[in-house]
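Any read-out appearing in this document is the output of simple, stated calculations on the displayed coordinates, not a laboratory observation. No experiment lies behind these values; they were computed from the predicted model shown. Backbone-built Cβ (ideal geometry, glycine too); neighbour counts: all protein chains shown.
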Amino acid sequence: MELRAKKKLTQKALAKKLGTKQSAIARLESGRANPTLEFMQKTAEALDKKLVISFE
């Protein structure tokens, strides 16, 4: 996750902020898992970002 790296967070540190395991972050970053909307919102907040969903 490019944004995670820019924030200088390890997968383990981000996982701790989100209350999940490092392996869950690794699966998401590799495309082997599909996050829920709630998880995407939590991740955005943990990275000081806003989640925006657009339908075109």
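Seen from Leu18, the other residues with C-beta closer than 12 Å to its C-beta sum to a net charge of +4, counting Lys and Arg as +1 and Asp and Glu as -1.
In order along the range 25-33, phi translates into HN-Hα couplings of 5, 4, 5, 5, 5, 8, x, 8, 9 Hz, rounded to whole numbers, per the Karplus curve 6.51 cos²θ - 1.76 cosθ + 1.60 with θ = phi - 60° and x for Gly and Pro. Per-residue 3J(HN,Hα) values for the range 7-19, derived from phi via the Karplus relation 6.51 cos²θ - 1.76 cosθ + 1.60 with θ = phi - 60°, read 7, 6, 9, 7, 4, 5, 5, 5, 4, 4, 4, 8, x Hz in sequence order (x marks Gly and Pro).
In vacuum, with every alpha carbon of the chain counted as one equal point scatterer, what does the Debye formula give for log10 I(q)/I(0) at q = 0.16, 0.25, 0.30, 0.31 Å⁻¹? Two decimals, please. Here log10 of I(q) over I(0) equals -0.46, -1.10, -1.47, -1.51. Dividing the summed -39500 (n - 2.57) terms of all DSSP H runs of n ≥ 4 by the residue count of the chain sets its mean residue ellipticity at 222 nm at -15500 deg cm²/dmol.
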